[in-house]
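Okay, so here's the structure we're looking at.
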């Protein structure tokens with residue numbers, strides 16, 4: 001009863017795999033001299049240089065905005081529950 005359905009599904013999967021293999025093998029990848037050099041032109045190397053914000057040499061220590069960012073959403077439900085209980 002299910003044999004034709006399984007056979008059709010397997011045939012489709014095999015056909016898709018063959019098509020994907022042909023497309024990927026035909027594609028020619030190329031890169032520029034800058035990319036091959038590994039420098040990429042302007043990015044400094046090392047820890048903390050891949051972050052979109054400064055961690056060192058800040059006026060405000062990093063731990064303060066980090067703590068606020070994560071503690072406020074975490075503590076909000078507890079504060080709302082305490083407020084609701086105190087109004088009872």
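A short reminder: the numbers here are calculations on the coordinates, not readings from a lab. All figures in this text were calculated on a predicted structure; none of them were measured in a lab. Here Cβ is always computed from backbone atoms with ideal geometry, including for glycine, and neighbour counts include all displayed protein chains.
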Over region 46-88, volume per residue of the alpha carbon convex hull, in Å³: 79
For 67, 86, order by how many other beta-carbon atoms lie within 10 Å, fewest first: 86, 67
Order of 2, 48 - criterion: other Cβ atoms within 10 Å of each residue's Cβ, fewest first: 2, 48
